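In what follows, a single structure is set out as structure tokens and then discussed.
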Amino acid sequence: MTFNRPSGPPASRRQLDRLLELLEAAGYDGFRDARGPLGFTQRQGNGNFTRDEADAFIADLEGTDHDPSAPSPTSAARLSTDERAARALPDEVLAAELQRRGWVVMEP
């Protein structure tokens, strides 16, 4: 596989339209504007996604719409990859990891 090349079939026009719609709803002007905050590669910043990549980003952006306790799409989109991964962890797993590192954890 060559550098910065997609590793699957390209996303459909419908997927790209939906992804762009969600990005605009989250406050971005387009793929390039969302490149840094969402961690898009240069290829993705130009609007070139594989089907799997587009599905994953669509699911991430739509996932916050259905959970009232989740952060708004705008604030979720500006989180780093590590912050998004930590928020996705179940409370028990996160608490266990913090305790393993020596933190004192209690329920709110």
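The values are calculated or read from the model by the stated rules, or taken from the named source; none is laboratory data. In this text, all values refer to a predicted model and were calculated from it rather than measured experimentally. So basically every Cβ, Gly included, is an ideal-geometry build from the backbone, and we count neighbours across all protein chains shown.
Side notes on the structure shown:
- Members of the range 75-108 that are of a type in the set (S, T, N, Q), at pLDDT below 80 and either assigned to a loop (DSSP other than H, G, I, E, B) or over 27 Å from PHE40 (Cβ atoms) (or both): SER80
- The one condition from (1) of a type in the set (Ser, Thr, Tyr); (2) modelled with pLDDT under 90; (3) touching a helix residue (DSSP H, G or I) at 6+ places or on another chain (Cβ under 9 Å) that SER72 does not meet is (3).
- Considering residues of the range 10-63 that are among the small types (Gly, Ala, Ser) and more than 20 Å from SER80 (Cβ to Cβ) only, the residue nearest to the chain's Cα centre (by Cα): ALA54
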